[in-house]
2 protein chains.
Amino acid sequence: MTTTAPTSSAVRLAAETWESLFRSQVAVMRRLQAGPAFKKLPIKEYDVLFTLSRCPTGKLRLNEINDHVLLSQSSLSRLVDRLEKRGLVERSIAPDDGRGILLGLTSAGQELQKEIGREHVRDIAELVAPALTADEQRELLRLTDKLQAFVASK
Amino acid sequence: MTTTAPTSSAVRLAAETWESLFRSQVAVMRRLQAGPAFKKLPIKEYDVLFTLSRCPTGKLRLNEINDHVLLSQSSLSRLVDRLEKRGLVERSIAPDDGRGILLGLTSAGQELQKEIGREHVRDIAELVAPALTADEQRELLRLTDKLQAFVASK
DNA sequence: CAGTGATACATGCAAATGCATCTATTTTAG
DNA sequence: CTAAAATAGATGCATTTGCATGTATCACTG
């Protein structure tokens, strides 16, 4: 396999693309986290509840969760401490790996996730749906999925 | 003007689109900030230098910078303290508004921005360019620009 | 199967962050 | 023109974060 040096215009395009993706994320996130739903629970903590709620088995390893959020391992560990102290999640030892921790929602955690989730989804729709047509949203979704898949595989 | 209630499928699409945009941003950012360039300066601090370097006049008000980054006003104020202590930026009073602060790069700041920037752009290109075709990148850029513009106008 | 290295998560501690509040300036209302 | 309200940014303080490191378990090597 040969690797060709990228042209400077290709480099520039990639950089501009990332810049725009990043700024749009900042703009949307700024609005979302200002929403009243996140007075009850910071958005980063909500995100962990949400991630757990999406998972088919209902439980995830801490390191799996860590891949989904932009937090160091130690920060996630303490974030989970806070969620646990509030009775929203439960730690248990991974059955197949004595080092690992499985995290699951308590019923209070499920409740709160759904409650915040409903509001959050409304806010998202209000911000994203009028900005892009349905086709554009589908295309954006496809492209960001593809980008994410490539990065994850690298 | 009448507002029609969005269908649940429209709401779902918007939510999935945002979710994918957000996760892709997390995945890419995770890689980028792990790059060796950001041992010299945290990526958030670099971002301020970068923003200043892009600005035609070379100077920006703190509240303008604040719109571009995901930081509270007070955090930005102290981030700028750190940059100033390192001699990378200079505060000056806004000529047309005695309350305002204009921030500009020092020459050391320009140097460091360019130095980190070169490395950073290479890392971005390595991550984004192979993931999407040039046409796809242009389309992603267009869509995120459009989303950002809508959010900013709201 | 002992010993070495790797991995998963926790924790001490210094640094960064956000909220509430403060000061100073500008804008607006009367 | 003056007084009240709004805005820009700084600062005290409690919370959150990350780095470095610690402990426990697992994987690999000879």
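A short reminder: the numbers here are calculations on the coordinates, not readings from a lab. Not measured: the values here are computed from a predicted model. Virtual Cβ from ideal backbone geometry, glycine too; neighbours counted across all protein chains shown.
Miscellaneous remarks
- Residue within region B:56-76 that is away from DNA strand C (no atom under 14 Å from the Cβ) and closer than 21 Å to B:Gln25 by Cβ present: no
- Among the residues listed as B:Leu32, B:Leu52, B:Leu79, B:Leu88, the single one being away from DNA strand C (no atom under 12 Å from the Cβ), more than 14 Å from chain A (Cβ to nearest Cβ) and within 29 Å of A:Leu127 (Cβ to Cβ): B:Leu52
- Single match in B:Leu83, B:Leu143, B:Leu102 (criterion: surrounded by 15 or more Cβ atoms within 10 Å (Cβ to Cβ) and farther than 22 Å from B:Leu49 by Cα): B:Leu143
- With respect to the stated conditions, B:Leu132 is touching a Leu at 6+ places or on another chain (Cβ under 9 Å), part of a loop (DSSP other than H, G, I, E, B) and away from DNA strand C (no atom under 16 Å from the Cβ).
- Lone unmet requirement of (1) crowded, with 18+ Cβ neighbours inside 10 Å; (2) more than 11 Å from chain B (Cβ to nearest Cβ) for A:Ser24: (2)
- Of the listed requirements (1) away from DNA strand D (no atom under 16 Å from the Cβ); (2) under 30 Å from A:Glu139 (Cβ atoms), B:Glu115 misses just one: (2).
- Filtered by the rule that a residue be closer than 18 Å to B:Cys55 by Cα and buried (at least 16 other Cβ atoms within 10 Å of the Cβ), region B:107-120 gives B:Gly109, B:Gln110, B:Leu112, B:Gln113, B:Ile116, B:Gly117.
- Check on A:Leu71, under 17 Å from B:Phe22 (Cα atoms) and surrounded by 18 or more Cβ atoms within 10 Å (Cβ to Cβ): yes
- In summary, A:Lys146 fulfils each of the numbered conditions (1) more than 7 Å from chain B (Cβ to nearest Cβ); (2) free of Cβ contacts under 8 Å to residues at least 40 places away in the same chain with the single exception of condition (1).
- Within region A:98-118, being in contact with a strand residue (DSSP E or B) (Cβ under 8 Å, 6 or more places away or on another chain) and without any contact (Cβ under 8 Å) to a residue 24 or more places away in the chain holds for one residue alone: A:Thr106.
- Residues (more than 13 Å from DNA strand C (Cβ to nearest atom), outside any helix (DSSP H, G or I) and of a type in the set (Val, Ile, Thr)) located in region B:98-129: B:Thr106
- Of the helices (runs of 4 or more DSSP H) lying entirely inside region B:1-97, the ones with 3 or more residues being of a type in the set (Val, Ile, Thr) and without any contact (Cβ under 8 Å) to a residue 12 or more places away in the chain are found at B:8-34.
- Residue check for A:Glu126: more than 27 Å from B:Arg31 (Cβ to Cβ), loosely packed, with under 14 Cβ neighbours inside 10 Å and not hydroxyl-bearing (Ser, Thr, Tyr): no
- Test set (1) within 19 Å of A:Glu90 (Cβ to Cβ); (2) out of contact with any helix residue (DSSP H, G or I) (no Cβ under 6 Å at 6 or more places or on another chain); (3) surrounded by 15 or more Cβ atoms within 10 Å (Cβ to Cβ) - A:Arg30 fails condition number: (1)
- The listed residue being more than 25 Å from B:Val28 (Cα to Cα) and touching a helix residue (DSSP H, G or I) at 6+ places or on another chain (Cβ under 8 Å), out of B:Leu52, B:Leu103, B:Leu132: B:Leu103
- Residue check, A:Ser107 of a type in the set (Ser, Thr, Tyr) and either near DNA strand D (Cβ under 10 Å from one of its atoms) or under 21 Å from B:Leu13 (Cβ atoms) (or both): no
- Per-region count, region B:1-21, residues more than 7 Å from every other protein chain (Cβ to nearest Cβ) and over 15 Å from A:Arg142 (Cβ atoms): 9
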